[in-house]
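Trainee: Supplied in structure tokens, the structure appears directly below.
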Amino acid sequence: MSTLVWGAGSFLAAFLLHMAVWRVRVPERQTKVLLLIMFAVLAAALAFLKAGGGRFAAELGLPAPETAGDFLHLALINISLVLSYMITYSAMEADSPSLVIVMAVAGAGPDGMEEDALRRYFNDDRMVKPRIRDLLLDKLARKDGGLYRLTAKGRLFAALFMSYRFLLGRGKGG
Amino acid sequence: MTVSRALLPVWGLIANVVLQVAAARAGMPLLRSVFAGFAAGSVPVIWVSGLSPALPGDMLAYGCFGYCYFHFLNLGETARRIRLVRELFLSRGGLSEEGLLARYGSAEILSARIKRLTDNGQLVFRGGRYFIGRPAVLVMARIMTAMKLAVIGRKSEFDA
């Protein structure tokens with residue numbers, strides 16, 4: 001139980017710190033800053049417990065991890081929460097086309113919505129060009145003489161997803 | 001707790017992934033294979049953890065890893081960035097913006113999503129117009145909008 005308390009507790013502390021930072025200013029490279037905050041707080045919690053903080057916590061009636069396995073379990077619980085939040089956060093950063101379609105149709109009221117109206121909203125400027133810019137921002141691609149080319153990170157990213165889709169026997173996706 | 005015991009949620013995830021891939025390759029629909037893999041991976045976690053005090057932590061970590069795996073599969077299935085990266089990977093020499101848009105433009109994105117939403121009953125097409133069918137995706141959209149407002153302070157990436 002100590003691993004759950006400290007693993008989830010350190011995630012909660014990192015989450016509150018992230019919310020405080022975001023209230024002041026949302027960073028340009030949000031994912032990078034978020035990861036930095038999350039893992040810095042985990043490292044601080046582990047260092048605190050290792051440096052005798054566990055005894056201090058025990059005096060306050062809080063359970064504390066003792067063995068190497070306890071510390072690993074604590075870190076796994078924390079990392080699983082961090083990764084889940086990161087993946088949910090990425091869905092918050094960019095508008096999901098499916099969710100936007102459904103919200104637009106719901107917003108049209110009882111008369112429903114014509115496909116033409118959806119097509120007017122869903123243009124390349126809204127749906128594709130921001131994601132092309134994201135490739136540059138995340139250093140997955142670079143632009144040379146008007147052409148977009150993948151970086152080494154982008155090629156690795158592409159190979160990972162393409163090989164996994166091949167393994168599952170799926171098509172292009174998107 | 002021993003180190004190998006601490007890794008129990010990871011062993012569960014490995015079982016989940018192996019069984020999900022096997023089920024998908026055997027022809028099971030993707031979403032069903034994800035649920036089947038998750039259920040199968042939870043068996044060793046619950047079995048080994050039993051009623052020990054570590055069970056809530058094990059199940060939380062296993063559940064979160066399963067959620068991440070589902071999103072990894074979903075990214076490959078629907079994410080625009082992954083599709084753009086794929087088009088660039090296959091182009092070898094690179095692509096201009098016009099070239100990228102010709103291979104993957106908003107018309108294809110919209111058509112694919114409308115098909116998925118109508119196929120699973122979330123949207124209904126009647127008399128040349130779209131209406132909300134089942135409300136599950138609409139509920140998700142509203143939750144996501146509320147989360148965006150709470151965390152990022154805006155409803156859409158296009159809001160100022």
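Each reported figure results from applying straightforward, stated rules to the coordinates on display, with no laboratory input. Note that the structure is a prediction, hence the values are computed from the model and not measured. FYI the Cβ positions are ideal-geometry reconstructions off the backbone, even for glycines, and counts take in every protein chain you see.
Trainee: Which is farthest toward the positive dipole end of segment B:121-160 among B:Phe131, B:Met144, B:Ser156, measuring Cα position about the Cα centre, with Cβ charges +1 (Lys, Arg) and -1 (Asp, Glu)?
Mentor: Farthest towards the positive end: B:Phe131.
Trainee: Given R₀ = 41 Å, what would the calculated FRET efficiency be for B:Arg126 paired with B:Trp47, taking r from the Cβ atoms and rounding to 0.05?
Mentor: The formula returns an efficiency of 0.25 here.
Trainee: Could you tell me how far the Cα centroid of segment B:1-43 sits from the Cα centroid of segment A:63-137, in Å?
Mentor: 24
Trainee: Please give, to one decimal in nm, the separation of the simple spin-label points placed at A:Val24 and B:Ala136, each 7 Å out from Cα toward the Cβ.
Mentor: Each label point lies 7 Å from its Cα, and together they span 4.2 nm.
Trainee: Moving on. Quick one: which residues, 5+ away or cross-chain, put their amide H under 5 Å from the amide H of A:Ala141? H built at 1.01 Å from N.
Mentor: Result for A:Ala141 returns A:Leu136, A:Thr151.
Trainee: Hey, another quick one. Cα atoms only: what Rg and Dmax, in Å, come out for segment B:44-154?
Mentor: 20.1, 59
Trainee: Right, here's the next one. Specify the residue with the greatest mean-square fluctuation among A:Phe11, A:Phe161, A:Phe56, computed from a Gaussian network of chain A linking alpha-carbon atoms under 10 Å apart.
Mentor: Highest fluctuation of the listed residues: A:Phe161.
Trainee: Going by C-beta contacts inside 10 Å, put B:Thr78, B:Thr2 in order with the fewest on the left.
Mentor: B:Thr2, B:Thr78
Trainee: For A:Asp111, A:Asp70, B:Asp159, what ranking results if the residue with the fewest other Cβ atoms within 10 Å of its Cβ goes first?
Mentor: A:Asp111, B:Asp159, A:Asp70
Trainee: How long are the three semi-axes of the equivalent ellipsoid of chain A, in whole Å, if each is the root of 5 times an eigenvalue of the C-alpha gyration tensor, listed from largest down?
Mentor: After scaling each eigenvalue by five and taking roots: 41, 22, 17 Å.
Trainee: Here's a follow-up. Could you tell me the extents of segment B:3-78's C-alpha atoms along the three principal axes, largest first, rounded to whole Å?
Mentor: Rounded to whole Å, the extents work out to 38, 21, 18 Å.
Trainee: Another question about this same structure. Under the Karplus relation 6.51 cos²θ - 1.76 cosθ + 1.60, θ = phi - 60°, what is the ordered set of whole-Hz ³J(HN,Hα) values for segment A:156-168, x standing for Gly and Pro?
Mentor: Running phi through 6.51 cos²θ - 1.76 cosθ + 1.60 with θ = phi - 60° gives 5, 4, 5, 4, 4, 5, 5, 5, 5, 5, 5, 4, 7 Hz.
Trainee: Once you've got the GNM for chain A with C-alpha springs shorter than 10 Å, pick whichever of A:Met127, A:Met113, A:Met86 has the biggest mean-square fluctuation.
Mentor: Of A:Met127, A:Met113, A:Met86, the most mobile in the Gaussian network model is A:Met113.
Trainee: A follow-up question, please. If neighbour count is taken as other Cβ atoms inside 10 Å, put A:Arg29, A:Arg120 in order from fewest to most.
Mentor: A:Arg120, A:Arg29
Trainee: Further question: Quote the relative contact order of segment B:121-160 in percent (integer), defining contacts as alpha-carbon pairs under 8 Å separated by 6+ residues.
Mentor: The value is 23 percent.
Trainee: How large is the charge dipole for segment A:44-127, taken about the Cα centre, if only the Cβ atoms of Lys, Arg (+1) and Asp, Glu (-1) carry charge, to the nearest 20 debye?
Mentor: Charge dipole of segment A:44-127: 480 debye, to the nearest 20.
Trainee: From the phi of every residue in segment A:34-48, what ³J(HN,Hα) in whole Hz does the Karplus formula 6.51 cos²θ - 1.76 cosθ + 1.60 yield, where θ is phi - 60° and glycine or proline is x?
Mentor: Per residue, the Karplus-derived 3J(HN,Hα) values read 4, 4, 4, 4, 4, 6, 5, 5, 4, 4, 5, 5, 5, 5, 4 Hz.
Trainee: What is the distance in Å between the Cα centres of segment B:125-151 and segment B:62-92?
Mentor: Cα centroid to Cα centroid, the span is 22 Å.
Trainee: Determine by what factor the alpha-carbon radius of gyration of the protein assembly as shown differs from 2.2 N^0.38 Å, reporting the quotient.
Mentor: Its radius of gyration relative to the 2.2 N^0.38 Å reference: 1.11.
Trainee: Now, a different point. Over chain A, what is the mean sequence separation of C-alpha contacts under 8 Å (at least six apart), divided by residue count, expressed as relative contact order in percent?
Mentor: Rounded, it is 19 percent for chain A.
Trainee: Using modelled amide H (1.01 Å from N, peptide plane; none on Pro or chain starts), what sits under 5 Å from the amide H of B:Gln122, excluding residues fewer than 5 places away?
Mentor: B:Arg134
Trainee: For chain B, modelled as a GNM with alpha-carbon contacts under 10 angstrom, which of B:Val18, B:Val139, B:Val48 fluctuates the most?
Mentor: Looking only at B:Val18, B:Val139, B:Val48, the biggest GNM fluctuation is shown by B:Val139.
Trainee: Between A:Arg120 and A:Asp144, how many nm apart are label points set 7 Å from Cα along the C-beta direction?
Mentor: Label at A:Arg120, label at A:Asp144, 4.3 nm between them.
Trainee: Now a separate question. If you take the charge dipole of chain A about its Cα centre, with +1 on Lys and Arg Cβ and -1 on Asp and Glu Cβ, which of A:Gly107, A:Thr31, A:Leu137 is farthest toward its positive end?
Mentor: A:Leu137
Trainee: A further question follows. Report relative contact order for chain B in percent, whole number only (criteria: Cα-Cα under 8 Å, sequence separation at least 6).
Mentor: 13
Trainee: Using a 7 Å offset from the Cα along the Cα-to-Cβ direction at both A:Arg55 and A:Lys129, what is the distance between the two label points in nm, to one decimal?
Mentor: Modelled inter-label distance: 6.3 nm.
Trainee: What is the mean number of Cβ atoms from other protein chains located within 10 Å of the Cβ atom of each residue in peptide B:116-128, rounded to a whole number?
Mentor: For this peptide, the per-residue mean of nearby foreign Cβ atoms is 2.
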